[in-house]
Amino acid sequence: MDLRELGYFVALGEELHFRRAAARLGMTQPPLSRAIGKLEAEFGAELIARGDRRNLRLTPAGTALLEEGQRLLAQAATLDRQVRRVVAGETGLLRIGFVPWSVMRALPRAMVEFQRRWPGIELRIDEQMSRSQVEALHQGTLDLGIFNRFLVDTAGLETLTLETTRLTAAVPAASPLARKRGVRLRDLADCTFLLFPQTWVPDYFGAFEAACRAAGFSPRVGQSVRQPYTMFNLVANGLGVGLVQDSARHLPVAGVVLVPIVDLDAPFWSEIAAAWVPSRLTPPLRSFIDGLRRAASDPSLRRRAARRRAAPRD
């Protein structure tokens, strides 16, 4: 028994009329009658009682075949759709890495848009450092990375620049520093710094220490924290000054004010870029990248970023 013949029988069993069933199937009555006869021969049992061809009825065997046949055809249709969706790239998993503070507005917007368009694909995001993302992209354990392009070698990857950020001081709202539109490093000489683990980006923190010494002081480090809100909570309670990228403005916290450090240039700027392996660019991945591009180019986000970068140098 093949599914086509089963479909013929289900149509006849539902219509209980040869002419209507044939019309529904887009065929004439003789081949439909032959198909039903073939099924009956295979089962060795009558499926349709033909005493009155205008008032057909199912035999017990026909009733059982109709019920199970409807279920089997529905399962076959579901299987067909699922396989076609896999072939078209409409199901599966999209794995995205990102660095802390990156595209804090653009990434969620792109995710919302993607999930509306590709509901069958699971999005899995993972916060990772820039170098580990590049390794994961080459190894095939990430589909898309969002990282600081200045810190890594992007050979073999295709990239899209999403935003540029600068290092900013997170200061207690009660501090006199919070009333400034910009500070210089020397203004922070007496502060205790709250930093993310220096092992995350050792070159970056080495450069910061060198910049502090050039400004005439050695930085005093209080706590090393891993979570942004932990840092902000310590800052809000007057336990130090945090160092964060200015994209943290998208996470306002009571008691904390972000003030640009105006005399820190490269390497304290970050170019946040999306990156992927060109040979692994699938339709869903391309769609997600396009969503990131649209979100990152949103005029309202660009105006806010421009105002941050235009802060005066006191």
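The numbers here are math on the coordinates, done by the rules we state, and not lab data. Since the structure is predicted, the reported quantities are computational estimates derived from the model, not experimental observations. No Cβ is skipped: glycine too gets one built from the backbone with ideal geometry, and neighbour counts run over all protein chains shown.
Could you point to the residue in Phe147, Pro100, Thr164 farthest towards the positive end of the chain's charge dipole, with +1 and -1 charges on the Cβ of Lys/Arg and Asp/Glu respectively? Going by the charge dipole, the pick is Thr164.
Residues whose amide H falls under 5 Å from that of Thr59, counting only those 5 or more places apart or on a different chain, are Ile48, Ala49, with hydrogens built in the peptide plane. What number comes out for the charge environment of Asp126, summing +1 per Lys or Arg and -1 per Asp or Glu over other residues with Cβ under 12 Å away? Summing Lys/Arg as +1 and Asp/Glu as -1 gives 0. Beta-bridge orientation, the chain: approximately 60 percent antiparallel, per DSSP, counting only bridges with both partners inside.
Please get the size of the charge dipole for the chain, origin at its Cα centre, with Cβ charges of +1 on Lys and Arg and -1 on Asp and Glu, quoted in debye to the nearest 20. Walk me through the numbers before you get to the answer.
Details: 43 positive and 32 negative charges, 243 e Å.
Dipole about the Cα centre, nearest 20: 1160 debye.
Note on the chain: with a GNM built from Cα contacts shorter than 10 Å, the maximum mean-square fluctuation among Pro176, Pro31, Pro197 falls on Pro31.
Which whole number in µm²/s is D for the range 165-260 by Stokes-Einstein, with the Kirkwood Rh taken over Cα pairs at 4 °C and 1.567 mPa s? It comes out at roughly 97 µm²/s. Principal-axis analysis of the Cα atoms of the chain puts helix 202-214 at an angle of about 20° to the longest axis.
For the range 78-87, 3J(HN,Hα) computed residue by residue from phi via the Karplus equation (6.51, -1.76, 1.60; θ = phi - 60°) reads 5, 4, 4, 5, 5, 5, 5, 5, 5, 4 Hz, glycine and proline entered as x. With respect to the chain, whose longest principal axis is taken over its alpha-carbon atoms, helix 130-139 is tilted by about 30°.
Hey, any idea what the orientation-averaged projected area of the convex hull of the chain's Cα atoms comes to, in nm²? Write down the numbers at each step before the final one.
Values: hull surface 95.8 nm².
Seen from a random direction, the Cα hull of the chain projects 23.9 nm² on average.
Remark: the range 3-87 projects, on average over all directions, an area of 5.9 nm² (convex hull of Cα atoms).
Ordering of 209-220, 279-290, 229-240 by packing is 229-240, 279-290, 209-220, highest average first (other Cβ atoms within 10 Å, averaged per residue).
When the Cα atoms of the range 107-232 are aligned to their principal axes, the ranges along those axes come out at 54, 32, 24 Å in descending order.
Quote the convex hull volume per residue of the range 26-185, based on C-alpha atoms, as a whole number of Å³. Each step should come with its number before you reach the end.
On the way: hull volume 42.0 nm³, N = 160.
About 262 Å³ per residue, rounded to a whole number.
I'd like to know which of Pro219, Ala22, Val134 lies farthest towards the positive end of the charge dipole of the chain, counting +1 on Cβ of Lys and Arg and -1 on Cβ of Asp and Glu. Looking along the dipole axis, the top candidate is Pro219. Annotation: amide H-H contacts under 5 Å for Leu162 (H modelled 1.01 Å from N, sequence separation of 5 or more, or interchain): Ile272, Ala273, Ala274.
In a simple Cβ point-charge model (Lys, Arg +1; Asp, Glu -1; nothing else charged), the range 165-260 has a dipole of about 260 debye relative to its Cα centre.
Taking amide H as placed 1.01 Å from N in the peptide plane, the amide H of Val241 sits under 5 Å from that of Thr192, Phe193, Leu194, each at least 5 places away or on another chain.
Using only Cα atoms, tell me the angle between helix 3-15 and the longest principal axis of the chain; keep it within 0 to 90° and round to the nearest 10. With rounding to tens, the tilt is 70 degrees.
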